[in-house]
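Asks: Just dropping this structure here.
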Amino acid sequence: MYQKSILLCLFIFFSVVTQAQDCELTISGKVIDIHDNSFLFGAVVQLVGLDKGVYTDKNGFYKIEGICESEVQLKVSHPSCEPETKSIYLKENRQIHFKLEHHLEELNEVLLKGKLYNNESNSSISNQIKTQKLEKFSNASLGDALKSISGVSSLNTGNSIVKPIIQGLHSSRVLVINDNVRLHDQQWGVDHAPNVDINSAANITVIKGASALKYGGDAIGGTIVIEPQKAPIKDTIMGKTILNGSSNGRGGNISTSFIKAKSSGFNYRFQGSLKRLGDLEAPDYQLTNTGQRENNISLGIGLNKIDYGIDFSYRLTNSEIGILRASHIGNARDLVNSINRQEPFFIEDFSYTIDNPKQEVTHQIYKLETFKKIKNLGELSLQYSFQQNNRLEFDIRRGGRGDTPAMDMDLKTHTLLTQLEWTSLEGFDSNFGLEFNAQNNFANPNTGVRRLIPDYNMYTAGIFATTAYDVSERWFLDAGVRYDFNTIDADKFYITSRWENLGYDQLFPEFEIGEDGNQILTNPQFDYHNLSATVGATYTFKNDFKLIGNLSSGSRAPNPSELFSDGLHHSISSIELGDLQLDSEQSFKAGVGFQGVVEKFGFNIQPYINYIEDFIVLEPNGIETTIRGAFPVYEYRQTNARLYGIDVSANYSFNNFEFLSNFAYVNGRDVEQNEALINMPPFNVSNTVTYSKKEWNNFYVSLNSQLVTQQNEFPDNNFRTNIVNTTTGQFEEVEVDVSSTPEAYHLLNFSSGLDFDFNKTKLSINVMINNVLNTNYRDYLNRLRFYADEVGTNVMLQLKLNY
Amino acid sequence: MKTMKTIKLLSLGLLATLVFSACSDDDDAPQVINEEEVITTLNLFLTPEGGGEIITFTYKDLDGDGSNPEITSPALSANTTYTGRVQFLNELEDPAEDITVEVLEEDDEHQVFYVVEDSLNATPTYTGALDNDGNPVGVEFSLAIGDASQGNFTVFLIHEGDKNAPGASEGNLSPQVGGETDIEVTFNVTVE
């Protein structure tokens, strides 16, 4: 109500001003660096021909007052930017924002062209990580880097498979957009890390909630937008090489990138990285078989004129990841033994060898995109992408079958995306788009292991419209709507007795095609309709504090794993069964962002509440006894869920010191059964103090303290099973504790670095020490927490060369 | 509903060209996969020392995981010593595949344990050849039966356990043995 009246007042104010035909008009706005969306301080905004000019303040804000109704020409310049001019006929107060091609110092005064995801232009609750910070994670994974954002955690399988969790949600509920291509990399699997080379990213934005509709309507948790380094329109060559060595794992990685650009707009790009790590080490023992190898490459060639462009790119990520040997177990009795043992059963000497169990994943993306600016309309773009994800999982097998993967799945996705950015309507920035997807999953039958996910074809068609409206200097509104149609056609063999036990012979007799031995071939076909929408407002206070309110509703169709999953997971010794009767889940999320700067103190507070109808949860439902012993059976259930939480970050600078503090809290409940949701990140606080001195070669030294508390809100998924006591031979009922959460832990991390300038090249040296105190701990969000401690101290040396 | 159909057709049409070029391997029905490593059947053959009819205990689950298995558990005679042999089969193959052969080929990675409930008067002892490290494999054993009694007799096949764990060579399956359980089958045995 209060906001409405402010809005009303502003409208009245403006109508009064516009009627006054005197020289009392003002132009104001912000000057933004196009590369990283930061505000440019000290840019000069002049009225050409008039003796009027101002500097932007530290928030990039400028205001020129006392202008007469007339044709005026505005010129914006900044010491290291191409000046930009704009002519308008001024008859009322105007707000004009400028985006300048500010050079990034570390890129050697190179002007870059390209538009980043602009989190200033809508009400999404979002956070960004920029190049400089990303480089620190050159040796780690995407998930590790994202964890530095308050409200983002990770679901790990060991230490190398890291999946981001946004405000409590992960996997299929989080979209990953790499260079404007939505990744389809079998993201449904909790042990499937996103196939992204962190070294290929120049900027990452995390949008918390389903408000980035142009990327998809099913971002119940959020969207991660990864953007590579763009090429400038200028004759130049720019390159960067980062070399990392780490003591834990006794290996490292090298990453190099190279961009050649011409003022004609022509450019080509190369980026590649290699990583080799051996077994990692916990404080008390080796984590046997946790080595890792990665080979990544990306290539691009493009012609980028101001008003049209065409670009082709290719990306390959290939990784081989060892899975902790001790996490491969037989049955419930083995699980009880592992939990009681407290340390891994298999501990061997350090080795670079990656044995079974392991994953070998190759992801390739081909992308062709083109855009054309059309006068009096806007920008029209068309993008086609093809991606192929091949996942091989090797298991401990008998009879020399170890070299044959136990899972071999090939997922191919074609996407056609067409979009119109319509800007010709004053004050509005609108996007309309169509997206078509064709996906084929093929599971290689030569594995000798029944398919976890069947062969299927999936087609989706999406249509969306979003708009952002500049109401006034202070008010900004945006809204969007998206509809997705999704149809899936699978061919799946069920064990006949399973098909009947699940009642599918009664529910879905129309899917039955034929029988083969003890298996039945079925052809499940499902259609899903998903509607998603967002609406939001941003208000900027006089002191530049900003308040963002956003409502979003996302809708997600069940993924192939939730529908069809059928088999044994060795790492948690459970049988997981999909459910053909699942419907789409729908989220309703309200998020608020409140941010501001008072002198040397800055803050960002993001509370939210997310209500999800028909939320799909996986939970144990009984025990199955087989010739291999007893296993808990996990099945999917739909319920209504509610999550709320708050993400806070604050920073304070004092002389050469900077203090940065982040904390996040989330509470998730199944409101139907009134119990906690599983895998909710516990309350965590991170505090960093940094001392930096520019005069000493950009010297800095930084100490980070990270506290992760014990999660006390968790569902009781413990199950009771009869286990043979191997001494007395009697069956004893044992409660298998798979629910209890690890204790709180506290870690200290250290980093320090220096820069050296040599003519046109710059060398940076960084030393980082993670887990300085070699603390023993286990993390609730690590699926292998039953088997081993997390890694101990890791000393890393990083050399970075810009040229 | 009609608009849905139109959208569906439209999208299918638009994508048909793209899909057919790359997804040709999908047009046929998928090939059935019969689990290769599955063990459907466990047989225990017990021959009374000094001659007599072979007694066979069977655990058979032909339908894969999750259905009710067939269990045959005939009575044993009191105060008799039996010569025992265990057999693992995959009867989904035709003819049935003898998995015991694979186990014996990888004898250093496998060990069969026989755990007897205290109430059952039976004592198993490993016989048969040792693996290359001089440790028992456990496929062959002898079973000394005492007075009439009843109780559980559980057969374990452990993969990559620690054969040097305390008592392992005598057939004691302590938690230190570790490894992965490939087979865990319990028979309720009556001694008459």
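The values are calculated or read from the model by the stated rules, or taken from the named source; none is laboratory data. It should be emphasised that the depicted structure is a prediction, and the values quoted were computed from it without experimental measurement. Cβ atoms come from the backbone with ideal geometry, glycine included; neighbour counts cover every protein chain shown.
Asks: Quick one: which of A:T775, A:T741, A:T721, A:T726 is in contact with a helix residue (DSSP H, G or I) (Cβ under 9 Å, 6 or more places away or on another chain), polar (S, T, N, Q) and in a loop (DSSP other than H, G, I, E, B)? Break it down into steps so the answer makes sense when it comes.
Replies: Numbers: A:T775 fails: in contact with a helix residue (DSSP H, G or I) (Cβ under 9 Å, 6 or more places away or on another chain); A:T741 fails: in contact with a helix residue (DSSP H, G or I) (Cβ under 9 Å, 6 or more places away or on another chain); A:T721 fails: in a loop (DSSP other than H, G, I, E, B).
Unique residue meeting the criteria: A:T726.
Asks: Could you list, ordered by first residue, the pairs with Cβ atoms under 9 Å in which the first is in the stretch A:331-345 and of a type in the set (G, A, S) and the second is part of a helix (DSSP H, G or I), at least 6 apart or interchain?
Replies: A:S338/A:A326; A:S338/A:S327
Asks: Hey, another quick one. Exactly one of (1) part of a helix (DSSP H, G or I); (2) at pLDDT 70 or above is unmet by A:K86. Its number?
Replies: Condition (1) is where A:K86 drops out.
Asks: Also: Pull out all pairs, ordered by first then second residue, where Cβ-Cβ is under 9 Å, the residues are six or more apart or on different chains, the first lies in the stretch A:410-421 and is more than 11 Å from chain B (Cβ to nearest Cβ), and the second is part of a strand (DSSP E or B) and of a type in the set (V, I, T).
Replies: From the stretch A:410-421, the pairs are A:L417/A:V181; A:L420/A:I374.
Asks: If you check B:G138 against the conditions, is it under 21 Å from A:R628 (Cβ atoms) and small (G, A, S)?
Replies: For B:G138, the condition - under 21 Å from A:R628 (Cβ atoms) and small (G, A, S) - is met.
Asks: Just one of (1) modelled with pLDDT under 95; (2) within 19 Å of B:T58 (Cβ to Cβ) trips up B:Q87, so point out which.
Replies: (1)
Asks: Right, here's the next one. Go through the residues of the stretch A:109-132 one by one and say whether even a single one is part of a helix (DSSP H, G or I), at negative phi and at pLDDT 65 or above. Spell out how you get there, then give the answer.
Replies: Within the stretch A:109-132, the subset part of a helix (DSSP H, G or I) is A:131-132.
Next, only the ones that are at negative phi stay: A:131-132.
After this cut, where a residue has to be at pLDDT 65 or above as well, the list is A:131-132.
Checked against the condition, which is being part of a helix (DSSP H, G or I), at negative phi and at pLDDT 65 or above, the stretch A:109-132 yields at least one hit.
Asks: Being out of contact with any Asp or Glu (no Cβ under 8 Å at 6 or more places or on another chain) and under 18 Å from A:E369 (Cα atoms) is the requirement here; does A:F258 meet it?
Replies: Criteria not met by A:F258.
Asks: I would also like to ask the following. With the structure loaded, tell me whether B:F141 is touching a residue at least 24 places away in the same chain (Cβ under 8 Å) and either facing chain A (nearest Cβ under 9 Å) or surrounded by fewer than 21 Cβ atoms within 10 Å (Cβ to Cβ) (or both) or whether it fails that test.
Replies: Spelling it out, it is not the case that B:F141 is touching a residue at least 24 places away in the same chain (Cβ under 8 Å) and either facing chain A (nearest Cβ under 9 Å) or surrounded by fewer than 21 Cβ atoms within 10 Å (Cβ to Cβ) (or both).
Asks: Test A:G578 against the stated conditions and say whether it is of a type in the set (G, A, S), more than 16 Å from A:S123 (Cα to Cα), surrounded by fewer than 20 Cβ atoms within 10 Å (Cβ to Cβ) and touching a residue at least 24 places away in the same chain (Cβ under 8 Å). Walk me through how you get there before you give the answer.
Replies: Values: of a type in the set (G, A, S): yes; more than 16 Å from A:S123 (Cα to Cα): yes; surrounded by fewer than 20 Cβ atoms within 10 Å (Cβ to Cβ): no; touching a residue at least 24 places away in the same chain (Cβ under 8 Å): yes.
Spelling it out, it is not the case that A:G578 is of a type in the set (G, A, S), more than 16 Å from A:S123 (Cα to Cα), surrounded by fewer than 20 Cβ atoms within 10 Å (Cβ to Cβ) and touching a residue at least 24 places away in the same chain (Cβ under 8 Å).
Asks: Do we find a residue being of a type in the set (A, V, I, L, M), within 11 Å of another protein chain (Cβ to nearest Cβ) and buried (at least 19 other Cβ atoms within 10 Å of the Cβ) anywhere in the stretch A:537-556?
Replies: Applying the first criterion (of a type in the set (A, V, I, L, M)) to the stretch A:537-556 yields A:537, A:547-548, A:551.
Next, from what is left, pick out any that are within 11 Å of another protein chain (Cβ to nearest Cβ): none.
No, there is no match, as no residue in the stretch A:537-556 is of a type in the set (A, V, I, L, M), within 11 Å of another protein chain (Cβ to nearest Cβ) and buried (at least 19 other Cβ atoms within 10 Å of the Cβ).
Asks: How about the stretch A:722-757: which of its residues are touching a Phe, Trp or Tyr at 6+ places or on another chain (Cβ under 9 Å) and over 30 Å from A:N771 (Cα atoms)?
Replies: Of everything in the stretch A:722-757, those that are touching a Phe, Trp or Tyr at 6+ places or on another chain (Cβ under 9 Å) and over 30 Å from A:N771 (Cα atoms) turn out to be A:N722, A:I723, A:V724, A:N725, A:T726, A:G729, A:E735, A:V736.
Asks: Which of the residues belonging to the stretch B:62-94 are within 30 Å of B:N132 (Cβ to Cβ) and either at the interface with another protein chain (Cβ under 10 Å from one of its Cβ atoms) or without any contact (Cβ under 8 Å) to a residue 24 or more places away in the chain (or both)?
Replies: B:F88
Asks: Is it the case, given these coordinates, that A:S338 is polar (S, T, N, Q), over 30 Å from A:T460 (Cβ atoms) and not in a loop (DSSP other than H, G, I, E, B)?
Replies: Criteria met by A:S338.
Asks: Does the stretch A:497-535 hold any residues that are among the aliphatic types (A, V, I, L, M), under 28 Å from A:F485 (Cα atoms) and within 13 Å of chain B (Cβ to nearest Cβ), and which are they?
Replies: A:L502, A:I513, A:L521, A:L531
Asks: What are the pairs with Cβ atoms under 7 angstrom where one residue, in the stretch B:105-122, is facing another protein chain (nearest Cβ under 8 Å) and the other, located anywhere, is surrounded by fewer than 19 Cβ atoms within 10 Å (Cβ to Cβ) and aromatic (F, W, Y)? Sequence gap at least six, or different chains.
Replies: That search, which allows pairs on different chains as well, returns nothing.
Asks: With the condition being among the small types (G, A, S), I'd like the strands (runs of 3 or more DSSP E) fully within the stretch A:487-600 carrying at least 3 qualifying residues. Even if it seems obvious, please write down each step before you answer.
Replies: On the way: elements: A:512-516, A:519-522, A:525-540, A:546-556, A:566-569, A:574-577, A:585-598.
Fully inside the stretch A:487-600 and qualifying: A:525-540, A:546-556, A:585-598.
Asks: Those residues that are at the interface with another protein chain (Cβ under 9 Å from one of its Cβ atoms) and part of a loop (DSSP other than H, G, I, E, B), I need them from the stretch B:170-192; list them, please.
Replies: B:N172, B:L173, B:S174, B:G178, B:G179 - these are the residues of the stretch B:170-192 that are at the interface with another protein chain (Cβ under 9 Å from one of its Cβ atoms) and part of a loop (DSSP other than H, G, I, E, B).
Asks: Of the numbered conditions (1) among the aliphatic types (A, V, I, L, M); (2) without any contact (Cβ under 8 Å) to a residue 60 or more places away in the chain; (3) away from chain B (no Cβ under 14 Å); (4) buried (at least 19 other Cβ atoms within 10 Å of the Cβ), A:I612 fails exactly one; give the number of that condition.
Replies: Looking at each condition in turn, A:I612 falls short on (2).
Asks: Something else about it: Consider A:D484 against the criteria (1) under 19 Å from A:D583 (Cα atoms); (2) of a type in the set (D, E); (3) more than 37 Å from the chain's Cα centre (by Cα): it satisfies all of them except one. Which criterion is unmet?
Replies: All conditions pass for A:D484, except number (3).
Asks: So in the stretch B:37-54, with the set limited to residues that are surrounded by fewer than 19 Cβ atoms within 10 Å (Cβ to Cβ) and assigned to a strand (DSSP E or B), which one is nearest to the other protein chains (Cβ to nearest Cβ)? Outline the logic, then answer.
Replies: To start, the set of residues in the stretch B:37-54 that are surrounded by fewer than 19 Cβ atoms within 10 Å (Cβ to Cβ) comprises B:37, B:43, B:45, B:47-54.
Then drop every residue that is not assigned to a strand (DSSP E or B), which leaves B:43, B:45, B:47-48.
Values: B:N43: 12, B:F45: 17, B:T47: 23, B:P48: 23 Å.
Applying the filter and picking the extreme gives B:N43.
Asks: Counting just the residues of the stretch B:153-188 that are under 25 Å from A:E343 (Cβ atoms), of a type in the set (G, A, S) and in contact with a Phe, Trp or Tyr (Cβ under 9 Å, 6 or more places away or on another chain), which one comes out surrounded by the most Cβ atoms within 10 Å (Cβ to Cβ)?
Replies: My answer is B:G179.
Asks: Hey, any hits in the stretch A:454-477 for a residue that's of a type in the set (K, R) and under 20 Å from A:D429 (Cα atoms)?
Replies: Among the residues of the stretch A:454-477, at least one is of a type in the set (K, R) and under 20 Å from A:D429 (Cα atoms), which makes the answer yes.
Asks: Here's another thing I want to ask about it. Can A:N698 be described as within 30 Å of A:S661 (Cβ to Cβ), surrounded by 18 or more Cβ atoms within 10 Å (Cβ to Cβ), more than 14 Å from chain B (Cβ to nearest Cβ) and out of contact with any helix residue (DSSP H, G or I) (no Cβ under 6 Å at 6 or more places or on another chain)?
Replies: no
Asks: Now for a different question. Quick test for you: out of A:K208, A:K147, A:K214, pick the one residue that is without any contact (Cβ under 8 Å) to a residue 24 or more places away in the chain, in contact with a Ser or Thr (Cβ under 9 Å, 6 or more places away or on another chain), more than 22 Å from A:E562 (Cβ to Cβ) and of a type outside the set (A, V, I, L, M, F, W, C).
Replies: Only one candidate passes the filter, namely A:K147.
Asks: How many of the residues making up the stretch A:726-735 are over 20 Å from B:T154 (Cα atoms) and within 14 Å of chain B (Cβ to nearest Cβ)?
Replies: 0
Asks: Go through the stretch B:104-125 and give me each residue that's more than 23 Å from B:A78 (Cβ to Cβ) and either surrounded by fewer than 22 Cβ atoms within 10 Å (Cβ to Cβ) or in contact with a Cys (Cβ under 8 Å, 6 or more places away or on another chain) (or both).
Replies: Selection gives B:L104, B:E105, B:E106, B:D107, B:D108, B:E109.
Asks: Quick one: A:A461 ticks every box in (1) touching a helix residue (DSSP H, G or I) at 6+ places or on another chain (Cβ under 7 Å); (2) over 29 Å from B:E91 (Cβ atoms); (3) away from chain B (no Cβ under 12 Å) except a single one, so which number is it?
Replies: Exception for A:A461: condition (3).
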